[in-house]
Amino acid sequence: MMGDRRAALIAFLVLCSLVASLPNIAAVRATEDSWTTMAPLPTPFYSTLGAAEVDGKIYFIGSDVNARYDPETNNWTEIAPLPIYNDWGTVVACQNKIYVIGGDASIPTQVYDPVTDTWENRTSIPTTRYFLQANVVDDKIYVIGGQIPSALSVVNPSDANDVYDPETDSWSNMTPIPTPVMGYASAVLDNKIYIIGGGIARDLEYIPVDQVQIFDPKTNQWTNGTPIPTGVCYASACATTGLLAPKRICVFGGSLTYYFRYAFSAVTDLNQVYDPETETWTTGTSMPTPRCKLGGAVVNDELYAIGGHNSSDWGDVVSANEKYTPIGYIPEFPSWTTLLIMLIAVVAVMVTYRHNLHKQNQRRKKH
């Protein structure tokens with residue numbers, strides 16, 4: 001009987017010890033505010049349209065080559081290319097499909113289905129615009145700003161704010177952005193769209209701005225947010241959800257100057273982090289590979305910075321794939337943890353049951 005009690009006590013203590021140590025076990029897998037080098041792109045993409053996440057996979061879309069990245073296996077797989085070449089559009093995920101929108105208005109919106117690895121054409125954006133971003137709120141796609149095509153000696157950012165409804169395959173107009181910008185970074189947080197930085201026109205160059213413009217689709221109104229510490233063009237922005245990491249917007253990389261002949265200058269490795277609760281910016285650990293015009297995506301509140309350009313020449317492309325673990329990140333428990341807890345719990349129950357049964361038998365013998 002003493003042996004059974006000892007076994008039950010040991011099982012109980014082991015279970016308690018395991019539960020107490022779970023955060024430390026998981027924490028070995030990731031360090032806050034740090035970067036990890038992941039499997040690079042199979043080939044550098046000369047023209048990066050963007051990246052988007054669907055069902056835990058990242059889809060990296062280029063003008064003529066596309067690839068899918070699996071964070072679990074750290075592997076890339078080539079997927080079906082765009083049916084119609086698009087060198088100036090943008091990429092966004094909506095309702096488990098990938099949308100390539102923008103560029104020339106004569107190019108249809110191209111929609112990729114990850115399940116079938118096929119593309120279909122939908123209604124194109126109303127106006128031709130380059131260097132823009134798309135964001136999703138309540139299953140509708142918002143495409144804001146960008147550059148209106150013009151002669152190389154003229155720069156002309158757009159104030160357009162177009163919304164696409166996938167259910168009706170139709171476009172409508174919303175309140176224009178107060179300060180027209182192109183080459184901005186953008187992200188959605190609490191159903192509001194943050195347009196961060198980007199370039200405005202001055203003479204023959206775009207000047208990066210530090211302005212943060214926030215659009216609320218529910219009210220169809222714009223407000224100004226706290227300016228970003230360093231204004232950048234062609235950075236990538238990603239938002240964490242608050243599930244495994246606090247709600248934040250991280251703005252990676254970018255260019256500090258952008259000339260009208262498409263030459264970048266002073267490409268940066270900055271990692272600028274916005275906290276919506278305090279409406280303040282801080283600086284996170286710098287991105288290992290300085291670059292601009294990169295793709296960004298979020299999987300389980302870890303952020304991926306993929307591809308891009310690392311110098312003032314459009315031809316200098318990189319295949320880097322770097323993962324950022326944000327400040328305050330709570331790692332997911334390994335999948336085997338739950339099974340181990342269940343196993344120990346079952347053993348503890350069996351031992352306790354055996355002890356109680358032994359005790360009952362002893363009482364019967366006495367009577």
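The values are calculated or read from the model by the stated rules, or taken from the named source; none is laboratory data. Everything numeric here is computed off the predicted structure, so don't read it as measured data. Every residue, glycine as well, gets a Cβ built from its backbone with ideal geometry; the counts of neighbours run over all protein chains shown.
Of all residues in region 54-82, those satisfying the criterion of being exposed (fewer than 14 other Cβ atoms within 10 Å of the Cβ) and touching a residue at least 24 places away in the same chain (Cβ under 8 Å) are Asp55, Gly56, Asn74, Asn75, Glu78, Ala80.
Okay, residues lined up against (1) assigned to a loop (DSSP other than H, G, I, E, B); (2) at pLDDT below 90:
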{"site": "Arg6", "(1), (2)": "no, yes"}
{"site": "Cys16", "(1), (2)": "no, yes"}
{"site": "Ile25", "(1), (2)": "no, yes"}
{"site": "Pro42", "(1), (2)": "yes, no"}
{"site": "Thr77", "(1), (2)": "no, no"}
{"site": "Asn86", "(1), (2)": "yes, no"}
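Among the residues of region 57-70, not a single one is at positive phi, assigned by TED's automatic domain parsing to the domain that holds Asp301 and not charged (D, E, K, R).
Here region 99-114 is the region considered, the condition is being part of a loop (DSSP other than H, G, I, E, B) and more than 18 Å from the chain's Cα centre (by Cα), and the residue that is surrounded by the fewest Cβ atoms within 10 Å (Cβ to Cβ) is Ser106. State whether one or more residues within region 127-148 are under 18 Å from Ile207 (Cα atoms) and over 25 Å from the mean Cα position of the chain (by Cα). For region 127-148, residues under 18 Å from Ile207 (Cα atoms) and over 25 Å from the mean Cα position of the chain (by Cα): present. Can we say Asn121 is assigned by TED's automatic domain parsing to the domain that holds Ile58, part of a strand (DSSP E or B) and free of Cβ contacts under 8 Å to residues at least 40 places away in the same chain? Yes, satisfied.
Within region 172-199, the set of residues being surrounded by fewer than 18 Cβ atoms within 10 Å (Cβ to Cβ) and more than 27 Å from Lys247 (Cβ to Cβ) comprises Ser172, Asn173, Pro176. Scanning region 141-161 for any residue that is among the polar types (S, T, N, Q), part of a loop (DSSP other than H, G, I, E, B) and in contact with a Phe, Trp or Tyr (Cβ under 7 Å, 6 or more places away or on another chain) turns up at least one such residue.
Report yes if some residue within region 211-229 is aliphatic (A, V, I, L, M), surrounded by fewer than 24 Cβ atoms within 10 Å (Cβ to Cβ) and touching a Lys or Arg at 6+ places or on another chain (Cβ under 9 Å); otherwise report no. Taking every residue of region 211-229 in turn, at least one turns out to be aliphatic (A, V, I, L, M), surrounded by fewer than 24 Cβ atoms within 10 Å (Cβ to Cβ) and touching a Lys or Arg at 6+ places or on another chain (Cβ under 9 Å). When the residues of region 278-322 are narrowed to those that are modelled with pLDDT of 95 or more and among the charged types (D, E, K, R), which ends up surrounded by the fewest Cβ atoms within 10 Å (Cβ to Cβ)? Filtering region 278-322 for residues that are modelled with pLDDT of 95 or more and among the charged types (D, E, K, R), the one surrounded by the fewest Cβ atoms within 10 Å (Cβ to Cβ) comes out as Glu279.
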